Amino acid sequence: MPRRSTKKGPVVPETQLGSPPAKKLDRFKPKVFPPPAQNLPKDLEKYVKIAIDMGAADARVVPAKDIPLDTRAHYMFCHFPRCRWLNSSVMCPTERGKVVWEEANEVIKNYEYAVAYKVLPPGKRLVSESADKVGKIDLDMYWTMGGGPPPDKDLLLTDIVRQRIVAEILRKLEQEAYYDGYLLSMSLGVGSCLVTWCSDTRRCRALEKGGFCPIVNSRPTGNSEFYVDYHSLGRMLGWGEMQPRGNCALITENPDYKGYYNIGLTLVQ
Amino acid sequence: MATTRKKTQRKEKLEFDRGTGIAAFKPVVPLPGEEKLFEDLEKYRQMALKLGADEAIIFPVVEFPQDIRVWWRCQLPRCTASGANSYCPPTWRTPWDDAKRMKTAYKYAIVFKVNRPPEFWTGPQLWTRESDAAIAKFLPEQRKQEALKALSDYVKWQEDYKKTPTTERVHGTASIGPHIIAQARRDGHQFAVTFGVGACQYHRCAKYGATCVALTTGLCRFPLKVSPEGSAALYQDFSTLSGKMGWKTWVAGVCIKPDDVPEEVQYFQCGTTYIE
């Protein structure tokens, strides 16, 4: 009897405002902190498998000291030239207060291992099936304010679905690692969270005076906060050249470019 | 020879001494001028126990684990109180270098723990429904009403809590620290400091509404009473610290059901008060 594949495929989550309903939560048993050192290889292998099951094209364990960091990664991808989404959300570097280079280095160097995974853009069928989950998209003003034409809605929907798939893998791996006892596990986000989660609002809710982010899954991006050079990381892992403007770049910005992919990064221990 | 003996006498004691409640690295013979300090430290330790702590230990600050990553732990995965008030990350952040310098400026601290039932740290109710009240305007009508009701229930619970006797009404570890530093400052330890536990918005200001007034106006309703959360202020790694104290730490969270928690698991809340 042929063995049935356990691969679930990409999951496109809905926007979850505030606390999620109890029935949607996964269930874990309490484990002791710190976890035994002999568990780590097995756990890392498990996270790689989860990433691939959730739709990643490839996933690898990377020693944290090999993650390429570059000061330019922050400046070239967020400021020079200015990113379309700079200051659009509370997770953008200037709004949150930029992390200085030494501190970012210290954060990364305190980890031993990370799981990196490559996520390809979703197929047309998945995008059209996920349109209801994404809902209304009201982001035209980010293109039209300067007199430019509005973006191609289908491509923008593809971008949003792509970022949500990456975000869901990031969330799942971080959750698994946390409940395995790696309390300081950390996933680095991809792209502006305004595009990923709040495309129905023109302005980030947390940027209002006295407001805070209602989305539990929003995360600061890797290259803006931690100076991760995703181009070098992709090359190092043999995944080929990344699209111009790095891990956050949207297909809407350069529709002719053929090799779009994202890298998700979860630092485990 | 005499010098060597003197050095041996001054050699720091490495073992954890449960009898006196004084943790590792306490000098066997207090250094000149420290006798009064140790009397005071013991007084504050007793005070913590009297105020409701289950264990309290005098701990040398040099042994405190500091980790820059703990500031991010409040946000990754994101706590519902993260950014909800002026003293939780990411709103508050002590620069890393300043935090390291501050740590080296202190010698001794009181570390205490308050045991908590599994329901306190596990289960879906950890997503505080009160925190939903802060974003009520973005929620559908039914959830908005639920969130506002949860906030008013919480305020009512707080009011009832205050009526119980002193030792019973200690709300988490948040009230033990301020009592100790008030006494310590009267005793002349002018740099005594304690750090908050959890979001001050819910400890202090729940009855005034769901939004922190300091985020909107820059002015706090409770100056002299609130301080930044420990991990935000000094990057204290409480999980590792608990291990050093000999307290077994278990992973807690919303995805663990209280029914799944075995009997041997003891969850607790940990607080620190830096004295001198």
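Values quoted throughout were computed directly from the atomic coordinates according to the rules given, and no laboratory measurement underlies them. Everything numeric here is computed off the predicted structure, so don't read it as measured data. No Cβ is skipped: glycine too gets one built from the backbone with ideal geometry, and neighbour counts run over all protein chains shown.
Taking loop as defined by DSSP and a crowding limit of 16 other beta carbons within 10 Å, which chymotrypsin sites (Phe, Trp or Tyr not before Pro) in the range A:227-269 fit?
A:Tyr257
Report, by chain and number, residues whose modeled amide H sits under 5 Å from the one on A:Ala114, excluding near sequence neighbours (fewer than 5 apart, same chain).
A:Val62, A:Ala64, A:Val268
Treating only the Cβ atoms of Lys and Arg (+1) and Asp and Glu (-1) as charged, compute the dipole magnitude of the protein assembly as shown about its Cα centre; round to the nearest 20 debye.
280
Enter the mean projected area of the convex hull around the alpha-carbon atoms of chain A, in nm², rounded to one decimal.
Taking the Cα atoms of chain A, their convex hull projects to 16.3 nm² on average.
For the range B:36-115, just say rounded, prolate or oblate: build the C-alpha gyration tensor, square-root its eigenvalues into a ≥ b ≥ c, call rounded for a/c under 1.5, and beyond that prolate if a/b exceeds b/c, oblate if not.
Details: a/c = 2.67, a/b = 1.56, b/c = 1.71.
Oblate.
Taking the Cα centre of the range A:107-163 as the origin and placing charges on Cβ (Lys, Arg +1; Asp, Glu -1), which of A:Val115, A:Met145, A:Ser128 is farthest toward the positive end of the dipole?
Ranked along the dipole, the leading option is A:Val115.
Can you list which of the trypsin sites (Lys or Arg not before Pro) found in the range A:52-89 are DSSP loop residues with at most 12 other C-beta atoms within 10 Å?
Details: sites: A:Arg60, A:Lys65, A:Arg72, A:Arg82, A:Arg84; in loops: A:Arg82, A:Arg84.
Counting only loop positions with at most 12 other Cβ atoms within 10 Å, the trypsin sites (Lys or Arg not before Pro) in the range A:52-89 are A:Arg82.
About the Cα centre, and with charges only on the beta carbon of Lys, Arg (+1) and Asp, Glu (-1), how big is the dipole of the range A:112-246? Nearest 20 debye, please.
260
Please list, in chain and number order, the residues 5+ apart from B:Gly83 or on another chain whose amide H is under 5 Å from its amide H, with Hs placed from the backbone.
B:Cys88, B:Thr91
Collect residues whose amide H, placed 1.01 Å from N in the peptide plane, falls under 5 Å from the amide H of A:Asp58; neighbours closer than 5 in sequence don't count.
A:Lys118
Using the crude model of +1 on Lys and Arg Cβ and -1 on Asp and Glu Cβ, and no other charge, please compute the dipole size for chain A relative to its Cα centre, in debye to 20.
740
Measure up A:Lys29/A:Lys49; B:Lys100/B:Lys248; A:Lys136/A:Lys172 against 23 Å on the Cα-Cα distance and list the ones that go over.
Pairs exceeding the cut-off: B:Lys100/B:Lys248; A:Lys136/A:Lys172.
Given the options A:Gly259, A:Gly191, A:Tyr178, identify the residue whose Cα lies farthest towards the positive end of the charge dipole of the protein assembly as shown (+1 on Cβ of Lys, Arg; -1 on Cβ of Asp, Glu).
Looking along the dipole axis, the top candidate is A:Tyr178.
Mind listing the phi-derived Karplus ³J(HN,Hα) values for the range A:48-55, rounded to whole Hz, using 6.51, -1.76 and 1.60 with θ = phi - 60°, and x for any glycine or proline?
4, 5, 4, 4, 5, 4, 8, x
Exactly which trypsin sites (Lys or Arg not before Pro) in the range A:109-160 are in a DSSP loop and have at most 11 other Cβ atoms within 10 Å?
Passing both the DSSP loop test and the Cβ count: A:Lys136.
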